[in-house]
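So the structure is just underneath, and the comments pick up after that.
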Amino acid sequence: MKPSRKPSLWQVHVTTTADAEDASAEALADEFGATASCYVDFETQVAVTSVYLDQRPENLERRMKSVHARLLAAQANGMEVGPATVRCRQVKRENWAESWKRHFKPLSIGGSLLLKPGWSRRKPKPGQTVVVLNPGLSFGTGHHATTSFCLREVVRFARSGGGSFLDIGTGSGILAIAAAKLGCAPIEAFDFDPEAVRVARENARQNRVQQRLSLFEGDVTKLPSRPKLRFDLVCANLISNLLMAERKRIAARVAPGGTLVLAGILQVEFHKVRESFEALGFRLARQRDEREWASGAFVWAPR
């Protein structure tokens with residue numbers, strides 16, 4: 001009997017510039033409901049941003065035109081978007097794995113953490129914790145501005161004594177795995193995308209921390225309003241509209257005196273997100289702006 005062949009994937013991809021990779025990723029995620037991965041050729045500064053889907057999307061042409069229109073709008077506001085071409089094709093599941101390997105390079109977060117792919121021979125510095133990562137179809141290698149901010153906050157948290165940690169929208173599992181390797185506990189992480197959860201579990205096993213964290217499929221919009229457990233550190237790397245719409249559910253999971261890290265926010269929208277969480281008793285402790293993105297660490301300090 002011949003082995004069954006895995007069905008091919010539908011790749012919707014945008015060819016743009018390094019400056020516009022984040023804008024294209026957000027546009028694809030909004031239109032197709034899947035987390036985008038971004039690859040940049042650092043010599044040519046050409047970026048290719050993709051989402052991978054199990055089935056051909058409905059209203060494909062309309063959605064692709066919408067992504068293109070959003071990039072043209074960004075161009076009108078001064079962003080260099082390059083060709084901004086949007087294409088769709090079928091790819092074998094075996095092929096996408098090789099495509100991102102060319103772009104995923106080792107990354108150091110201070111002197112505490114080294115993120116690297118499994119094929120890298122890069123050696124850690126003395127005292128550096130190593131996380132070996134296979135992002136698969138899910139987002140999260142640490143190179144994105146918002147993910148790197150979250151990682152730095154996890155390192156800061158662990159250095160200060162650590163504690164419990166919740167990762168909302170875990171993607172590849174990078175934050176939860178790093179937290180586990182740095183000694184935080186207990187740890188929970190979830191994502192609405194079952195493929196992301198599968199990849200995150202594989203990454204946890206590869207890093208031998210699968211017994212030290214709970215990874216599950218979940219939707220932030222359906223979380224109970226009153227959780228059974230609150231966490232000392234909560235990371236929510238989500239789009240601005242979702243952060244604001246579900247702010248009460250997210251805030252309810254932060255322990256008294258705990259820290260809430262919010263990322264995935266466009267700079268022009270950060271003030272709205274900040275105000276919505278400050279109204280719930282949070283105080284901005286740290287902020288980082290990079291390209292068009294802004295991220296913040298908030299301390300829960302109700303009056």
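The values are calculated or read from the model by the stated rules, or taken from the named source; none is laboratory data. Here the structure is a predicted model, which is why all the values come from computation and not from measurement. Note that we place each Cβ from the backbone using ideal geometry, even for glycine, and neighbour counts take in every protein chain shown.
Please indicate, with yes or no, whether at least one residue in segment 254-262 is more than 21 Å from Ser160 (Cα to Cα) and crowded, with 17+ Cβ neighbours inside 10 Å.
The answer is no; no qualifying residue exists.
Which residues, counting only those in segment 207-239, are farther than 20 Å from Arg253 by Cβ, surrounded by fewer than 16 Cβ atoms within 10 Å (Cβ to Cβ) and not charged (D, E, K, R)?
Passing the criteria: only Gln211.
Can you name every residue in segment 185-230 that is touching a helix residue (DSSP H, G or I) at 6+ places or on another chain (Cβ under 6 Å) and assigned to a loop (DSSP other than H, G, I, E, B)?
Within segment 185-230, Asn207, Val209, Leu213, Leu223 meet the criteria.
For segment 1-25, give me the residue count where each residue is modelled with pLDDT of 85 or more, closer than 24 Å to Asp219 by Cβ and surrounded by fewer than 21 Cβ atoms within 10 Å (Cβ to Cβ).
Summing the residues that are modelled with pLDDT of 85 or more, closer than 24 Å to Asp219 by Cβ and surrounded by fewer than 21 Cβ atoms within 10 Å (Cβ to Cβ) in segment 1-25 gives 1.
Taking segment 157-192, which residues are hydroxyl-bearing (Ser, Thr, Tyr) and modelled with pLDDT under 95?
Ser160, Thr170, Ser172
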